[in-house]
Amino acid sequence: MSENLVAALSYARLGWPILPLHTPTGAGCSCRKAACEGVGKHPRTANGVKDATTGEASIKRWWARWPDANVGLATGKVSGLAVLDVDPRNGGDKTLADLVRKHGPLPPTAKAITGGGGAHYIFTCPAGGLKSGKVGAGLDLKGDGGYIVAAPSLHASGRRYAWDATTLTEGMRLAPIPLWLLTAGDGHGSHIIPQTQPIPPLAERLTAVSTPGYRHDHLVSIAGGLRKADVDLGAALSIAHAWNVANCQPPLSTEEVETTVKDVYGRYAPGPKRRAPIPEPRAAMRFSGADFAKRGGEVAWLWRGWLARGTVTVLAGVQGVGKTTLGLALAAALTRGEKWGDGTLAPTGRVLYIPAEGVDSEVGEKLVRAGAEAVDVLVAEDGTYLTVANDYETILAHAAGYDFIILDSLTAHALADLRKSEQARGFMNRLGELARATGAARVVLHHLRKRTVLDLGEGISQDRVRDSQDILAAARMAWGLEERDDGYLVLAVIKSNLAGQPKPLRLVVDDDGVTFLGEAEEKPEFASGWERAAAWLKDALKGVPRPSGEIRTLATAAGITPKQLRLARERLCVVTERVGRGITAWALPTSLNEGMKGTEGIEGTKGMEGTKPADSVPFVPSMPLIIANEGMTQGHEDEGVGECLECGRPFSPDEAHYILCPDCGASLNGSADGQEPTELPTQDFTGDSS
């Protein structure tokens with residue numbers, strides 16, 4: 001997998017649409033135009049930036065067709081990025097310096113160094129969008145309809161675009177673009193697209209054509225107009241579906257149309273907006289700290305330090321780890337008055353389980369496995385599942401009298417885009433109202449992102465909870481559930497507004513249910529085998545590439561399995577290079593191995609030169625760079641030996657007829673880049689090869 005493809009997939013996983021660009025060649029540009037004015041900078045696809053996407057399948061197809069394509073990154077509302085492009089060859093550095101003296105310095109944000117010696121300052125785009133245009137001599141803003149050439153693309157000068165590592169933060173947090181940049185210019189006026197444009201009449205909105213980047217907003221506007229006009233929900237759905245088919249290019253999915261319209265109808269009352277009356281001044285009281293503490297009363301714990309009445313607790317874990325089974329096992333302990341996971345005695349209480357996704361048979365199996373037959377399950381009379389978003393009043397009416405309520409899952413119950421701060425906080429506030437109204441302890445199940453190289457040696461951190469951080473901000477407590485290297489699970493409180501965090505607990509979830517095994521180590525050195533393997537491999541390859549056969553031998557001696565080594569290679573994006581007759585070397589990408597130099601001490605190698613200084617990297621190192629090989633394998637061309645790219649097993653010429661890898665079972669019928677498979681070589685097998 002090429003470095004440009006790795007970077008493109010990484011950008012896409014941040015939600016940044018990308019597109020393939022032409023590449024500089026020895027003869028000019030890959031477009032083969034003799035007088036090309038944008039060497040290595042213009043799109044390869046027919047529709048240009050309109051083709052930009054975050055879809056990994058499309059991105060992989062592009063780079064299978066054009067393996068050396070430069071990476072284009074769309075800007076504006078579609079990606080949420082606003083870019084200040086500084087071209088010093090046309091005086092951009094001087095223009096920026098003048099503006100900084102007048103308005104103050106730019107806020108700290110991500111910065112990329114262009115191949116031409118300029119800079120890209122990356123900001124968040126205003127909610128309404130951003131007009132692309134000139135700010136001054138050599139200074140441009142890239143917004144709606146624009147794109148930039150992104151690292152590690154090749155410039156016509158022979159240099160590569162690179163991120164300034166000193167400006168990067170975990171998760172690529174970006175600063176909002178300064179207002180003075182939006183209003184600066186040399187007679188071109190403001191670059192701001194107002195967030196609140198005058199809303200056209202509903203009839204006009206229903207006939208307007210909508211294109212990607214605007215379809216969802218137009219649908220929300222139409223649904224809002226129908227709600228304001230007090231149109232029945234069924235009729236509104238019919239109108240919205242008809243508009244979607246006739247006017248969206250291409251149409252949105254049926255599910256998105258229904259979810260969006262129902263969300264608008266659930267949030268807003270019919271009729272015109274009324275200005276809220278100005279409240280009358282109210283009398284106030286002052287308390288001492290001690291008196292106020294008495295006034296508030298003590299926390300009504302069901303499970304001290306873990307679970308309290310009238311509050312919302314988020315239970316987060318990766319998919320399939322056993323969140324539902326754990327929640328139901330705790331519910332079963334409460335219904336029977338048995339012990340909690342820390343050995344303390346649970347009171348006897350009533351539990352209500354409200355699933356919003358899954359199949360009845362699967363839900364029933366989980367209830368039985370957790371021993372939760374005494375738990376009540378709430379569904380609609382027609383057998384479908386209820387959701388808090390659509391059935392709030394129904395759930396409220398049935399939730400009275402319960403001590404503990406489980407919502408499975410947050411995403412399914414919200415029917416909203418929980419990545420958006422406003423929607424996430426709005427739904428969590430609604431859950432809080434429901435918990436306070438019923439007085440029950442409420443646990444809602446949600447997802448953790450998988451651990452990456454950035455999480456080595458850490459416990460379960462809050463920033464691994466998926467979607468907006470407003471989910472945790474609005475919750476009173478949060479638990480994390482994760483599997484550790486020893487095969488056991490760890491349950492930890494990762495947020496508590498009510499008390500200090502108790503010790504994490506160790507447990508097992510299997511066919512017999514849930515078994516707690518006492519306290520767990522709070523912050524293990526490594527939570528999984530691949531993490532330990534990644535740390536070992538990173539250290540082994542630090543500063544110099546090494547023969548793959550040697551690395552495998554040393555890894556086996558260190559107790560690292562082939563599967564763990566393969567996962568470590570994927571997560572570190574290890575580069576595999578032919579460096580001599582029959583020798584394959586592994587090396588860290590330049591983002592993790594600063595300024596890698598020649599391979600001294602490895603006989604027969606050519607040497608691998610680092611292409612970036614220590615303070616710049618070809619792609620963002622804080623991205624989730626978990627790139628899978630998709631089970632494909634590849635033989636090396638011309639000489640040496642081949643290896644399975646799934647598990648790394650070396651192949652001799654006598655094994656050239658193999659169809660499947662005998663170690664891991666991966667298919668050997670295709671290559672990792674989508675090209676035709678290469679026949680395994682016919683050279684003699686040597687012990688140093690891999």
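The values are calculated or read from the model by the stated rules, or taken from the named source; none is laboratory data. All of these numbers come straight from a predicted model, not from anything done at the bench. Cβ atoms come from the backbone with ideal geometry, glycine included; neighbour counts cover every protein chain shown. Areas reflect the complete protein model, heavy atoms only, side chains present, ligands, DNA and RNA absent. Shrake-Rupley method; radii C 1.70, N 1.55, O 1.52, S 1.80 Å.
Observations on the model:
- Protection proxy ranking, peptides 298-309, 134-145, average beta carbon neighbours within 10 Å, highest first: 134-145, 298-309
- Residue ranges 362-375, 91-104 sort as 362-375, 91-104 when ordered by packing (mean number of other C-beta atoms within 10 Å per residue, highest first).
- Label separation (Ala46 vs Ser461): 4.5 nm, computed from points 7 Å beyond Cα along the C-beta direction.
- Per residue, segment 365-514 exposes 42 Å² of solvent-accessible protein surface, assessed with a 1.4 angstrom probe and all protein chains in place.
- Listed values for segment 240-255 are Karplus-derived 3J(HN,Hα) couplings in whole Hz (6.51 cos²θ - 1.76 cosθ + 1.60, θ = phi - 60°), namely 5, 5, 5, 4, 4, 5, 7, 10, 8, 10, x, x, 6, 5, 4, 5, and x replaces Gly and Pro.
- Neighbours of Pro347 by Cβ distance under 13 Å: Lys/Arg scored +1, Asp/Glu scored -1, total +3.
- Surface accessible to a 1.4 Å probe, per residue, for the residues of segment 229-272, Å²: 53 Å²
- Extension gain, Glu280 back to Ala242 (0.36 nm per residue minus Cα-Cα distance, nm): 9.0 nm
- Of the peptides 460-471, 317-328, 500-511, the ranking by mean beta-carbon count within 10 Å, highest at the top, reads 317-328, 460-471, 500-511.
- Cross-link pairs beyond the 21 Å C-alpha cut-off, checked among Lys41/Lys102; Lys50/Lys131; Lys50/Lys450; Lys77/Lys142: Lys41/Lys102; Lys50/Lys450
- Here the accessible area of segment 58-146 is 53 percent carbon and sulfur, with a 1.4 angstrom probe and all protein chains present.
- Only protein atoms count toward the accessible area here, which uses a 1.4 Å probe; on segment 286-407, the carbon and sulfur part of that area reaches 50 percent.
- Cα-based shape type of segment 72-182, given that a ≥ b ≥ c are square roots of the gyration tensor eigenvalues and the cut on a/c is 1.5: rounded
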